[in-house]
Amino acid sequence: MRRIYIVVHNEVFPEQALKAATQMGERFSHEVRWLFLSETAPLSTRADFEQLPHDIINAESLADTTEQTDASMLVFQLSAHPKSHYVQRLLNFTRNLRIPYLFVKEGQSIDFSQIAVGVGFLEEDKEKATFASAFGRFFASHITLITANDYGSKAEQHTNAIATLLDKFNLSYTRTKARKDSFGIDKEIVVNAAAQGFGLVMLSATREYGLDDLLFGPKERKLIQQTEVPLLLINPRGDLYALCD
C-alpha cells in the first residue's frame with residue numbers, strides 16, 4: 001500500500017495536516033504515517049502521535065525515503081504566519097521529490113471540493129493534469145483551469161491537454177482566463193483563492209533557482225507565506241509518480 005506521510009518538523013502537533021492526510025488516505029486508499037525528521041524524533045513518544053505508525057529519517061534523505069517506501073505525498077503543517085527562512089528550509093528538502101507535497105497552515109480549512117489549477121506556458125504545467133484528475137475522480141472535486149493571459153498559445157495548448165484528460169474521466173471542471181500572464185498567474189490565483197471559494201491550489205515549483213530566487217526567495221516560498229488555503233506543489237520533472245493509477 002502506498003503511503004501519505006505527515007512530516008513532523010517542529011514541536012507543534014500538526015492537526016490540520018492530519019485532517020488533510022486522513023481524508024486523502026481514505027479516498028486514495030493509501031496508508032497514512034508520521035514521518036519524523038531526526039531532530040524531532042523524541043516527539044514520537046507523545047501520546048498524540050500514537051494513533052498512527054511512524055518512520056524516522058534524516059531530512060537530507062527525504063527524496064530517497066519517499067522512493068523506497070513508495071510514498072505518494074508529503075504533508076507539511078506550518079504556523080499561520082511562517083518565517084521565510086523556515087519555509088525555505090522545507091523547500092530545500094523537497095527540491096528533488098518525484099511526488100507532490102502539500103503545505104497547510106494552522107487554522108486553515110481542509111476542503112478539497114473546489115480546486116484551482118493555474119496553467120502557464122511552461123511544459124511542466126501539463127503535469128498537473130494527473131494530480132487534478134485524481135482529486136476529481138476520488139474526491140469529486142470541481143476543478144477550475146485558469147489559463148495564463150499570454151500573447152503566445154502555449155498556455156492554451158497546455159490547458160487543452162489537461163482538459164482532454166479530465167474529459168476522459170468525465171470530471172467536473174471549468175475553464176477561465178487569468179488577468180496576469182504566466183509570470184504573475186500563480187500569485188493572482190493564490191491571493192484570490194479564499195475569496196473565490198477554492199480549498200486547494202496546485203502550483204508548479206520553480207524549475208531552477210536564479211540569482212533573484214537565491215537572494216529574495218522563489219515564488220513558492222512567498223506564496224506559501226501569503227496563502228489562506230492549502231497549496232499543493234509539484235516539482236517540474238517528467239518522471240513524477242502519479243497519486244493513483
Next item on the list: May I ask which residue of His85, Gln114, Ser61 lies farthest towards the positive end of the charge dipole of segment 60-120, with charges of +1 (Lys, Arg) and -1 (Asp, Glu) on Cβ and the Cα centre as origin?
Entry: His85
Checklist line | Nearest-20 debye value, the chain charge dipole, Cβ charges on Lys, Arg, Asp, Glu | finding: 520
Next item on the list: Find me the longest stretch of the chain that has none of the exposed trypsin sites (Lys or Arg not before Pro), where exposed means in a DSSP loop (not H, G, I, E or B) with at most 16 other Cβ atoms within 10 Å.
Entry: 99-178
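Ignoring ligands, DNA and RNA, what percent of the 1.4 Å accessible area of the chain is carbon and sulfur?
48
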Next item on the list: Would you tally the net charge around Thr66, using a Cβ to Cβ cut-off of less than 11 Å, leaving Thr66 out, and scoring K and R as +1, D and E as -1?
Entry: -1
Check: Taking Cα atoms, how many degrees apart are the long axis of helix 154-168 and the longest axis of the chain, rounded to 10 and kept between 0 and 90?
Finding: 70
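Ranked by accessible surface with a 1.4 Å probe, highest first, in what order do Met1, Met202 come?
The ordering from most to least exposed comes out as Met1, Met202.
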Next item on the list: Add +1 for every Lys or Arg and -1 for every Asp or Glu among the other residues with Cβ under 13 Å from the Cβ of Leu166, and state the total.
Entry: +4
Note to self: With both bridge residues required to lie in the chain, what share of the DSSP beta bridges run antiparallel, to the nearest 5%?
What the structure shows: 5
Next item on the list: Please give the helix 15-28 orientation as an angle from the longest Cα principal axis of the chain, in degrees from 0 to 90, rounded to the nearest 10.
Entry: 70
Next item on the list: Determine the calculated [θ] at 222 nm for the chain from helices alone, applying -39500 (n - 2.57) to every DSSP H run no shorter than 4 residues and normalising by the residue count; nearest 500 deg cm²/dmol.
Entry: -9500 deg cm²/dmol
Check: How much accessible surface area, in Å² rounded to 10, belongs to the heavy atoms of Glu11 with a 1.4 Å probe?
Finding: 150
Check: Of Asn10, Met24, Ser72, whose Cα points farthest to the positive end of the dipole of the chain (charges on the beta-carbon: +1 Lys, Arg; -1 Asp, Glu; origin at the Cα centre)?
Finding: Met24
Note to self: As a test of the definition: which semi-axes, in Å, follow for segment 48-118 when you take the square root of five times each eigenvalue of its alpha carbon gyration tensor? Largest first, please.
What the structure shows: 21, 16, 16
Item checked: For segment 42-175: relative contact order, % (alpha-carbon pairs under 8 angstrom, 6 or more apart) -> 20
Next item on the list: Mind checking which of Thr94, Gln51, Leu223 is farthest towards the positive end of the chain's charge dipole, using Cβ charges of +1 (Lys, Arg) and -1 (Asp, Glu) about the Cα centre?
Entry: Leu223
Margin query: Looking at segment 1-108, I'd like the Rg to Rh ratio, where Rg is from alpha-carbon atoms and Rh is Kirkwood's inverse mean 1/r.
Written below: 0.92
Checklist line | Average accessible surface area per residue within the chain, 1.4 Å rolling probe, Å² | finding: 46
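The values are calculated or read from the model by the stated rules, or taken from the named source; none is laboratory data. If you're wondering where the values come from, they're calculated on a predicted model, not measured in any experiment. We place every Cβ from the backbone using ideal geometry, glycine too, and count neighbours over all the protein chains shown. Calculation scope for accessible area: heavy atoms of the full protein, side chains included, ligands and nucleic acids excluded. Shrake-Rupley method; radii C 1.70, N 1.55, O 1.52, S 1.80 Å.
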